[in-house]
1. Between A and B, buried accessible area summed over both sides at probe 1.4 Å, in Å² to the nearest 100?
2. Would you mind checking the radius of gyration and Dmax of region B:334-410 based on alpha-carbon positions, in Å?
3. What gaps in nm, shortest first, separate residue A:174 from its twins in the other copies when you place the label 7 Å past Cα toward the beta carbon?
4. With the contact rule set at Cα under 8 Å and sequence spacing of 6 or more, what percent relative contact order holds for chain A?
5. Please list, in chain and number order, the residues 5+ apart from residue A:190 or on another chain whose amide H is under 5 Å from its amide H, with Hs placed from the backbone.
6. So, how do all the Cα-to-Cα distances of the protein assembly as shown break down into 10 Å bins, in percent, from 0 on up?
7. Which whole-Hz ³J(HN,Hα) couplings does region B:288-303 yield from phi under the Karplus relation 6.51 cos²θ - 1.76 cosθ + 1.60, θ = phi - 60°, glycine and proline marked x?
8. Identify the residues of region A:266-304 with backbone N under 11 Å of a label point that sits 7 angstrom from the Cα of residue A:40 along the Cα-to-Cβ direction, or state none.
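The values are calculated or read from the model by the stated rules, or taken from the named source; none is laboratory data. This is a predicted model, so every value here is computed, not measured. Neighbour counts run over all protein chains shown; Cβ positions are idealised from the backbone, glycine included. Ligands, DNA and RNA are stripped out before the accessible areas are found, and what is left, the full protein with its side chains, is counted by its heavy atoms. Shrake-Rupley method; radii C 1.70, N 1.55, O 1.52, S 1.80 Å.
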Protein chains: 2
Amino acid sequence: MNAGPARLPQSHVTLEYCRELGVELQVFTNQNANAYIYHESSAALAGKPMRWRTAKADVYGYISELLAKATDQGALDARLTAQDKERLIAFLQSFGAIKGKADGYAYTGTDRRGYSVEPGAAFDDGTVLGPVPTLSDVIASGVGQRFAFEFGYDQAMLMFQPVGGMDAIPYALAKAIGQNRITYGAKALEVKDLPDGAEVTYKDAGGRTRTRRADFVVAAMPPMVMARLKHNLGTDITAALKYAVPTPVGKIGLEYRSRWWETDEHIYGGITPTDTDLATIWYPSYGHQGRRGTLIGYYHFGADAVAYSDLPHAQRLARAVSRGVKIHGDKYRTELDHSFSVAWHRTPHIEAGWVDWPSQTGPEYKLLNRPAGHVYFAGDWLSHVIAWQHGAFTSARKVVTDIHERVMAA
Amino acid sequence: MNAGPARLPQSHVTLEYCRELGVELQVFTNQNANAYIYHESSAALAGKPMRWRTAKADVYGYISELLAKATDQGALDARLTAQDKERLIAFLQSFGAIKGKADGYAYTGTDRRGYSVEPGAAFDDGTVLGPVPTLSDVIASGVGQRFAFEFGYDQAMLMFQPVGGMDAIPYALAKAIGQNRITYGAKALEVKDLPDGAEVTYKDAGGRTRTRRADFVVAAMPPMVMARLKHNLGTDITAALKYAVPTPVGKIGLEYRSRWWETDEHIYGGITPTDTDLATIWYPSYGHQGRRGTLIGYYHFGADAVAYSDLPHAQRLARAVSRGVKIHGDKYRTELDHSFSVAWHRTPHIEAGWVDWPSQTGPEYKLLNRPAGHVYFAGDWLSHVIAWQHGAFTSARKVVTDIHERVMAA
């Protein structure tokens, strides 16, 4: 089974397996109103980190103003009845916190933006964060383009992560199956379909070549790795395996001596998307209020991931930190203690974060979802939920069910 | 200190106190895409629970369609440049997942709505939840009126709750101060300002009347309770204390034999707002994947809270459950094991969930924020963050600072 990213959506399949396996979960927060959106190449407000809450207040405010104006002026009368219009404007006043008709439904800011001085005791009624950028600048900043992320079926709250890390799932699976049934450190060299079974030749942890035979083989390697294996399954299989497109993915962990993002910036979990080559910065969803903590300093794909992975770690780090200080200031460098980076596309036996298919309706994908004699393929890459545990679990279950039915029918 | 509701916003003041006091926190999730919005009196879609994710997909889809149409047709040319228009439409296509210009920017649904059959292995590409209600019905359903809740400064993610319950905070404070310095079970009867101090007369836990004298007294009782105390602080003080308007608030806890909202409906934390007299149903933010769990079956204010509190518990329960089954079905009744309800406005010494001030700039509020001789007032009700721990902490700090400065200057 390929491992998906280190968080789980509310996939009931994954959650049921975790419960059955005794994998302890904790809430993963990929949304946080106090995290930033950072665009340094935007047409306006470039280089100014904007809190999610502020970005939403301004974008929702201005689009509410615009739509209320257009509705009120009759521009949408072909689409809206008088009653629709009245209800729509009532919604927009709530959604955007805009002024009334007499003030042209103007958006002029709201405490949803946040405060420069928080309200408190007695006469401290707070100072709302200002000034409010113009409509044109807010649109040109592009911050609104980030909002759809959290509407995605896979990304909406609530999410989970296993306590102790994502590998808690394979460890729990190994325990449930019995460690003695698993051969670790075995590098597959060849898969052979036979008239009445299949066999795998591999190099064991001690470097010796061994062959094992079974009624069936389930190959759960990434397809581009499997494609290079010696096999007798036919050239169509090789071509189909190569048809999957590996996605380069990189991450860097930055361990800090303090949790300055919590104490100084009030960011507890969540993500700061950027238009830099970091792609995103992720704040930890656990260990809140602790003494130390680890950020994900980049989590990027494609060309950015390749560019960073071409560098030695020290240069990856220097480059990532130089971007981070633009958002979080000098402490991003001065509080740093340790770091670790990974480029999945350069990791042996994995060679990608995940794969994409140019088509999941064409002959290649179809071919791999059928057994090649006594050899089956499984993994998130043979699902419609690629890169998530849900895809790996459902694929595994599908293949096991297929084999079960085949044996029962024989 | 009055206790705020059982959750904390990202108030750095509250979080700093919790850290200093060693109060362990866990994430509180008051947003969840899988929770419902339930409107039974709406002009359309009445009585059909709608998932938050579905409601957002439809509302954001349709308002994006409308605004893109109006923008494209030039209805907003007085407010938007050609470049603004182009960028705005690009945003709306992302925000609403709408079709392109050739298709009139139509919203026709998206997988953001959720699935009736989830995608999975091999050829299971999922069935997107349908059918998509009409624009007119979505607007008339009023679901969009619920969205602004989570944009509020106090309500946006991320939030926390103390592990074990909100009273972990007063217990931690008591421990830090020293339990031996606190007299429990003491009912205040009288407060007297004296030329060189103040004294409090109270009935102790054993029923004996006692008087204690100190340099200063800080009265942290709710104002309407304090107003009935015998005192020599003047009639203006009594009038000012009575000026605060107590808010009736009720809650019911429903303990279930199973966590059916998780296993059957995939709701892990979050809130279902309703237009019934329940106001809201809250799913627990902790104990996920456990064997049993407790919902908040209503959390309501004002007239609803008064109506329920007039009933004995068994009738409160029956009424609350009869509403809940309309959203969640029979298991809302059949899986129920225990229950408990509280009406804060009927709870001795508390008498409200919190108070509101008709004005926080008038003479009454001002008067109570000054000492009455050697008697000070403190509590969330003397802050601009009423009903939250932040208000209580900042008020306490303010009063302690005032006394400190007074003593140092003397």
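1. Working: alone 21180 and 21150 Å², together 35000 Å².
Counting protein atoms only, the buried area is about 7300 Å².
2. Reported Rg and Dmax, both Å: 17.2, 67.
3. 4.7
4. Working: 745 pairs, mean separation 81.8, N = 410.
Relative contact order for chain A comes out at 20 percent.
5. HN-HN under 5 Å from residue A:190: A:201.
6. 2, 11, 19, 22, 20, 13, 7, 3, 1, 0, 0
7. 3, 6, x, 7, 10, x, 10, 8, 8, x, 8, 8, 10, 10, x, 4
8. Only A:275-279 pass the distance filter.
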